[in-house]
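*Asks:* I have a structure here, written as structure tokens, and I will follow up with some questions on it.
The values are calculated or read from the model by the stated rules, or taken from the named source; none is laboratory data. Note that the coordinates shown come from a computational prediction; the quantities given were computed from them, not determined experimentally. Counting neighbours? That spans all protein chains shown, and the Cβs are built from the backbone with ideal geometry, glycine included. When the accessible area is computed, the model is the full protein with side chains, heavy atoms only, and any ligands, DNA or RNA have been set aside. Shrake-Rupley method; radii C 1.70, N 1.55, O 1.52, S 1.80 Å.
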Amino acid sequence: MMARFIERSRYLILLAVGGSLAASAVAFLWGVWKTIQVIVKLVSSAGDDAAAAVSFIELMDKFLIAAGLYIFAVGMYELFIGELSMPAWLKVRTLHEVKSRLSSIVILLMAIVFLEQLVMLKDPQAILYNGIAVAVVTAALIAFSYFGERD
């Protein structure tokens, strides 16, 4: 009886899947809304807005976050519930694969944020410290992904 209860409890993961899918949808909508705002701002300034390039870079943040939430939802579903008809690169067999994909997205997000700071910050020392911090965290995530696979 306890085994049956535990086997069925795997469906609790649907709460995480549903929550992640809802958050992903909201993040995609957020990205679309910000995209419309950036386009309107660019058109209204006749392309003379110096911050437009940074605005486009910030858009990538929104969509990467949405994609990360989606990848997490798909991965959790496939790990705990069942197989989905997805592209081969999105299929997961282990929790490590989900974590590695999410680590890759975190690395991309850090690179985008660093690029934003590179454009906006005027203090070379702050840029250097931010760059070092991004490099250290990136190295740690890559090492985790590489060495964690050998379990």
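*Asks:* Past 29 Å, Cα to Cα: identify those pairs from Lys99/Lys122; Lys41/Lys99; Lys41/Lys62, in the order given.
*Replies:* Beyond 29 Å: Lys99/Lys122; Lys41/Lys99.
*Asks:* Let me ask something additional. What's the extension gain from Ala139 to Met1 if we count 0.36 nm per residue and subtract their Cα-Cα distance?
*Replies:* Using 0.36 nm per residue and subtracting the Cα-Cα distance, I get 45.0 nm.
*Asks:* Assign unit charges at the C-beta atoms only (+1 for Lys and Arg, -1 for Asp and Glu), then state the dipole size of the chain relative to its Cα centre in Debye, rounded to the nearest 20.
*Replies:* So the dipole magnitude of the chain works out to roughly 460 debye.
*Asks:* Further question: With the dipole of the chain worked out from charges on the C-beta (+1 for Lys and Arg, -1 for Asp and Glu) around the Cα centre, which of Leu15, Gly75, Gly131 lies farthest toward the positive end?
*Replies:* Comparing the listed Cα positions along the dipole, Leu15 ranks first.
*Asks:* Using a 1.4 Å probe over the heavy atoms of the protein chains, calculate the carbon and sulfur portion of the accessible area of the stretch 7-151 as a whole percent.
*Replies:* Exposed carbon and sulfur together represent 72 percent of the surface.
*Asks:* A follow-up question, please. Give me the base-10 log of I(q)/I(0) for the chain at each q in 0.09, 0.15, 0.16 Å⁻¹, Debye formula, one uniform scatterer per Cα, rounded to two decimals.
*Replies:* The Cα Debye sum returns log10 ratios of -0.42, -0.94, -1.01.
*Asks:* Still on this structure: Would you work out which of Val98, Val26, Ala52 lies farthest towards the positive end of the dipole of the stretch 1-114? Charges go on Cβ: Lys and Arg +1, Asp and Glu -1.
*Replies:* Val98
*Asks:* Per residue, how much accessible area does the stretch 1-150 show when a 1.4 Å probe rolls over the protein heavy atoms, in square angstrom?
*Replies:* Here the per-residue accessible area is 64 Å².
*Asks:* For the stretch 50-118, just list the percent of Cα-Cα distances falling in each 5 Å bin from zero outward, please.
*Replies:* 3, 16, 24, 18, 13, 10, 8, 5, 2, 0
*Asks:* Ser9 accessible area, nearest 10 Å², 1.4 Å probe?
*Replies:* Counting only protein heavy atoms, the figure is 40 Å².
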